[in-house]
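The block underneath contains the structure these notes are about, expressed in structure tokens.
The values are calculated or read from the model by the stated rules, or taken from the named source; none is laboratory data. Computed from a prediction, not measured in an experiment: that's the story for all the values here. Methodologically, a virtual Cβ is constructed for each residue, glycine included, from the backbone with ideal geometry; neighbour enumeration extends over all protein chains shown. We work out accessible area using only protein heavy atoms, side chains counted, and drop any ligands, DNA or RNA first. Shrake-Rupley method; radii C 1.70, N 1.55, O 1.52, S 1.80 Å.
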Amino acid sequence: MTTHRTYGLYSLEFLGLTSKDVRETGWVHDIKWAFALGARPERKFELDHAHVLFGAADTGGLKLEICPRLSGEHLPGILVTTTLQGNLTTVAEGPKTKFTTRVSQEALEQAGLTSAVLFEASCSLECTVGDMPTLEEQTDAQILAELTANRQLEQDHTQLMAELGAQPLLTDTPREAPQATAPTAGNAAYDRVAAHVAQADRAGVYTLLQLIQIDPSDWDDQTTTPEQDLASMRGTLLLHWEALAAALNPVPPRPTIPLHPKEPGEDLPFPLGDTDPAAD
């Protein structure tokens, strides 16, 4: 008999992300995940928990718990609202269950984070179907206590940094976006990339995306038109203009100049036998 659940917190394995500009939302990040196979029992996703995931997705109860890493240590987790994109996919790697969630750039900035933090952070997916966990969820009390402790650590960290007169490492003030996400107008390298992207047709845009390891099939979205997808792909290329510039203009290797041993007296302006001034 399957126990009815209304809450779950599941450990995730980060697989990659794709950034795109959605007209109604702005910049979003579609993040590819797999549920971690080696997670602790209370955080391990099982297929009979799928109703918790989909129930939370239907009621707006999905959040990412992101624990950034600093100097090898994980900082307290931060919760960011997310949405489910598509369905679950189970592959024969354990088996491993893969899926995609979408996070807006605005939500990350409000949490004081950038998308780059996902490459180093430890993440979990919080699924809340109802307001309160059911009595059958015996392990959820431990999970909720963990969340409370993490949030208290975050508050203690903010207070300590304030007492030291330093800027908190985790703050509600949006951080400055990296240069790759906000190119400077008039930058010659950026202008060359922008011109290259603008002149490329659809096949050329596909090629440019593949040059910087982005899969064009991520834009196979039935809810948007091909023109909207092409505009979004061009925007993504400009978002990663530095990587594209490096791919289009790779630095050539420095030539190696062979060294040959010189013969004795090769560079002397006079014969070795005439070096004694007294001989004159």
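A few remarks follow.
- Sequence of E106, E42 from largest to smallest accessible area, 1.4 Å probe: E106, E42
- Annotation for R69 and H196: the two label points, set 7 Å from Cα along the Cα-Cβ direction, are 3.1 nm apart.
- Virtual spin-label span in nm between L47 and L211, 7 Å along Cα→Cβ: 4.3 nm
- Here the Karplus curve 6.51 cos²θ - 1.76 cosθ + 1.60, taken at θ = phi - 60°, turns the phi angles of region 59-70 into couplings of 10, x, x, 9, 9, 8, 9, 10, 10, x, 10, 10 Hz, with x standing for Gly and Pro.
- Extension gain, Q85 to F119: 0.36 nm times the residue separation minus the Cα-Cα distance gives 10.2 nm.
- The accessible-area ordering, largest first, of the residues R43, R23, R202 stands as R23, R202, R43, per a 1.4 angstrom probe.
- Amide H to amide H, with H built 1.01 Å from N, L75 comes under 5 Å of R69, L70, counting only residues 5 or more places away or on other chains.
- Accessible-area rank, largest first, for Y10, Y206: Y206, Y10, with all protein chains present and a 1.4 angstrom probe.
- Between T25 and F54, the C-beta separation translates, for a Förster distance of 25 Å, into a calculated FRET efficiency of about 0.70.
- Taking amide H as placed 1.01 Å from N in the peptide plane, G112 has its amide H under 5 Å from the amide H of R175, each at least 5 places away in sequence or on another chain.
- For W27, distant residues with modelled amide H under 5 Å away: V22, Q105
- For the pair region 30-51 / region 53-104, the C-alpha centres are spaced 9 Å from each other.
- What region 1-71 shows is 49 Å² of accessible area per residue, with the surface traced by a 1.4 Å probe over protein heavy atoms.
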